[in-house]
1. Using 7 Å Cα-to-Cβ label points, what is the Thr133/Glu216 separation (nm, one decimal)?
2. To make sure I understand, if each residue's beta carbon is the centre and we count other beta carbons within 10 Å, what order do Met107, Met24, Met120 fall in, fewest to most?
3. Compute a Gaussian network model of the chain, connecting alpha carbons closer than 10 Å, and tell me which residue from Gly396, Gly114, Gly56 fluctuates the most.
4. Under 14 Å from the Cα of Lys135, which aspartates and glutamates turn up, not counting those fewer than eight places away in the same chain?
5. If you average the sequence gap of Cα pairs under 8 Å that are 6 or more apart and divide by the length of the stretch 176-254, what percent do you get for the contact order?
6. Suppose every Lys and Arg Cβ carries +1 and every Asp and Glu Cβ carries -1, with no other charges. What dipole size does the stretch 337-406 come out with about its Cα centre, to the nearest 20 debye?
7. Go ahead and run the numbers for FRET between Val386 and Arg46, Cβ-Cβ distance against an R0 of 30 Å, rounding to 0.05.
8. Take Cys48, Cys211 and order them by how many other Cβ atoms sit within 10 Å, fewest up front.
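What follows draws every value from the coordinates through simple rules; no lab data is involved. In this text, all values refer to a predicted model and were calculated from it rather than measured experimentally. With ideal geometry, Cβ positions are generated from the backbone for all residues, glycine too; neighbour counts draw on all protein chains shown.
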Amino acid sequence: MEGGRKLFGSVRMPGAKNSVLPIMAAAVLCTGTVTITDAPVLSDVRACIRILNRIGCTVMLCGTNIRITPPEHPGSSIPPELMRSMRSSLFFLAPLLARTGQAEIGMPGGCRLGARPIDMHLEGLARMGAEITEKQEGGWMLKAPHGLKGAHITLRFPSVGATETLLMAACTAYGTTVLHGAAREPEVTDLAQFLQSAGAQISGVGTSELCIEGTEFLFGTQFAVCPDRITAATVMFAVAGCGGEVLLTNIRHADLHCCAQLLERAGCSIAPLGKSAAVIASSGRLRAPGSWQTGVYPAFPTDAAPLAAAALLRAQGESAVLDSIFENRFACAEGFCRMGAQASVCSRTLRLRGVPELCGAHVTAPDLRGGAALVLAALQAQGTSVITGTEHIDRGYENIAVLFSQLGGAVTAAEKQREGFEMAQ
Ligand code: EPU
C-alpha cells in the first residue's frame, strides 16, 4: 500500500457478515429451500458453505444470492477442522440439535480476542433439555432425542452468539421459550426476522426480552441480509483519517449512530441522504475526541474500536478507548507503533497520542478488525506499507484492496499470497 492519498467517490455497503452466517446455519432448521439475497462473498461464508455441504445441504452461490436446500436427514456432526475454520461454526449447534436430535461439535475458531467461552450457549440448551457431554478429545456431544423443550432463560450478559443459538433452538422446541437479557444487536434482529419469515413465532424482536412459541417446523423462504454496519464504519473511519469525501449507500443511520457521533466530535461532517445513504467529509486533520468505551448495542460497537483508533493516530491531542467486551481487542497497537504512532495498551484500554505523520511499515494483521485497522493506518502513512496475515481480513471484507482502490487509495493485493489462500480454501 502507498499511503497519503485522500479518498473520494461512492461505495455501496454489502450485506452483514455477522447476519448472513447465523442465517445460513438457521437454514438447516427449514424444510424447504432458503434463498438469502445481498449476501457478502467472504471467506467465512465459503467456510459456512463447506459445513453445509458436509451435513448434506445443497448450496448454490450465485453472485450475492445463496440458495440452501437442507436434506431430509442432515448429518449431526461437524469435523474439528471445519469447526476451527471460524467462530460462526458454533451457529450450527442449535439447528443440528433441533433438527436431528443430536449435535457433535469441536471448539470453534475465530479471532483471538481473549477468552471466548461458550458456557451461555451450553447452559441455555441444557435448560431446554439437552444432555451435554464434554468429549475427551475436546468438543461436546449434545443429545435431545425427544426434542428440545421451551424454557425461561436469563442470560447473565447479552451475548450476541448465545442469544442467536437459543433463538434458533426455541423456534421448533415444544412450548414457549422466554429469553431475558437477550442481545439487541441489529444482526440478532435480522436473524429473528429471517426466522419469522420462515414461520417462527417470535415476539419482542429488537428488545432484550424475546418470547418464542415453538412450531413444528419452519419452511423455505427468501430473505435479504441487512447492510454491514462494520464495513460502513471501516469506510467512515478511513475517510476520517485520510481526508476526502465519500458517499456511502445501503446503510442504516441508526446502526451507525455512535460511530457518527464520535466522528463529528473529532471534526468530520456526516450528512444523511434519505433513509439509506450519507456523505462523510473530512479534512484529514482530526481533533482527539477524548475517552470513550465500547458496549453492547446501542453503545459504540467493539468491532469498530480498532478502526476508530486508526483514524485518530494523527489527531491533535490524546484519545483513550476502553473495550468492555473482549480482553484483547487492541493487538493491532503493535502495528500502529511500527508506523510511528504513539499507542499503548493497558489492560482493555488503548491510549493514543496523535503524531503529525505516520510512516509506511511491514506489519501483520493480528485479527480481522485489527487487520482492517492496520489498512486504515497504512492508507494515511507516508510511503509503502506491506500487510501480511490478510487471511484474517478476508474473513470479514469481500476485497479490502478493491474497496479502497475504488476510492483512490493505492492498495494492491499481492497475487501470490491471494492465490495461495484461495487454494487453501
Ligand atoms: N461470552 C461468554 N460466554 C458465552 C458467550 C460469550 O462469556 O457463552 C462472553 C465473550 O467471551 C465476550 C462477550 O461475552 O467477552 C461477548 O461475546 P458475544 O457472545 O456477544 O460475541 P460473539 O457472539 O462471540 C459476535 C460477533 C463479533 C462481535 C461480538 C460483539 C459474530 C460471528 N461475531 O461475537 O464479531 O465482536 O458479537 O458484538 O457475530 C467480528 O465481526 O470481527 C467479530 C468478532
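1. Label-label distance for Thr133 and Glu216, simple model: 3.2 nm.
2. Result, fewest neighbours first: Met107, Met120, Met24.
3. Per the Cα network of the chain with a 10 Å cutoff, Gly114 tops the list.
4. The qualifying aspartates and glutamates are Glu104.
5. Here the relative contact order equals 28 percent.
6. Values: 6 positive and 5 negative charges, 75 e Å.
Dipole size: approximately 360 debye.
7. 0.75
8. Details: Cys48 29, Cys211 18.
If I rank by nearby Cβ atoms, fewest first, I get Cys211, Cys48.
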